[in-house]
Amino acid sequence: MTFIIRGISTVMIVGKPIPVEPGAPAPFDVEYQRNGVRDLMMISKPARGWREVLITERRTKIDFAHAMKHLVAPFPVAKSIRVVLDNLNTHKPASLYDVFPADEARAIAKKLAFQITAVMRAGCRQAAVPSS
């Protein structure tokens with residue numbers, strides 16, 4: 001199981017359409033308006049061709065804890081779910097205890113086997129292949 005977080009900027013095209021002249025390629029205007037940033041939390045299981053993307057407004061320990069709860073829900077009988085993540089300060093089992101009651105946090109944490117990597121490139125490639 002791979003867990004990737006990636007920030008993206010959202011934009012809205014605001015340029016006016018440019019008339020097309022016969023025989024010429026369609027012109028386009030690149031004027032845009034920024035509409036903020038969103039974080040994509042992608043959970044994937046490449047061996048099974050399964051992936052899911054959660055979109056959040058921020059990248060906080062609360063968002064991370066809810067994503068981990070969401071991750072374990074479809075696998076109620078799994079003994080352990082290995083989660084590959086980078087060393088971001090919110091990617092800690094303690095985030096679960098800060099957000100959920102201790103019993104619920106312990107139940108979620110017990111199912112997760114975190115594999116922290118300083119270089120997330122391999123995990124990113126593994127998760128990105130099915131989405132491209």
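Results for (1) surrounded by 11 or more Cβ atoms within 10 Å (Cβ to Cβ); (2) under 30 Å from the mean Cα position of the chain (by Cα); (3) assigned to a helix (DSSP H, G or I), shown as yes or no for each residue.
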position	(1), (2), (3)
Lys16	no, no, no
Glu21	no, no, no
Asn35	no, yes, no
Asp39	yes, yes, no
Phe64	yes, yes, yes
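Does the stretch 1-14 hold any residues that are part of a loop (DSSP other than H, G, I, E, B) and either modelled with pLDDT of 80 or more or among the β-branched types (Val, Ile, Thr) (or both), and which are they? Val14, the sole residue that qualifies.
Can you name every residue in the stretch 41-62 that is in a strand (DSSP E or B), within 19 Å of Asn89 (Cβ to Cβ) and in contact with a Lys or Arg (Cβ under 8 Å, 6 or more places away or on another chain)? Across the stretch 41-62, the qualifying residue is only Thr56. Take the conditions (1) buried (at least 16 other Cβ atoms within 10 Å of the Cβ); (2) at pLDDT below 85; (3) of a type in the set (Lys, Arg); Lys111 misses just one of them, which is (2). Restricting attention to the stretch 70-98, the residues that are of a type outside the set (A, V, I, L, M), in contact with a helix residue (DSSP H, G or I) (Cβ under 7 Å, 6 or more places away or on another chain) and within 18 Å of Ile116 (Cα to Cα) total 5. Beta carbons closer than 9 Å, at least 6 apart along the sequence or on distinct chains, pair a first residue in the stretch 49-77 that is on the phi > 0 side of the Ramachandran plot with a second that is modelled with pLDDT under 85 and assigned to a helix (DSSP H, G or I) for Gly49/Pro130. Residue count for the stretch 1-14, restricted to those that are surrounded by 10 or more Cβ atoms within 10 Å (Cβ to Cβ) and either of a type in the set (Val, Ile, Thr) or farther than 28 Å from Val53 by Cβ (or both): 7.
I'd like the full set of residues that are modelled with pLDDT under 90 and of a type in the set (Val, Ile, Thr), limited to the stretch 78-108. Within the stretch 78-108, Ile81, Val83, Val84, Thr90 qualify. Val30 fulfils the conditions (1) loosely packed, with under 11 Cβ neighbours inside 10 Å; (2) of a type in the set (A, V, I, L, M, F, W, C); (3) under 19 Å from Asn89 (Cβ atoms) except for a single criterion, (3).
The values are calculated or read from the model by the stated rules, or taken from the named source; none is laboratory data. Since the model is a prediction, treat every value here as computed from it, not as a measurement. Cβ atoms come from the backbone with ideal geometry, glycine included; neighbour counts cover every protein chain shown.
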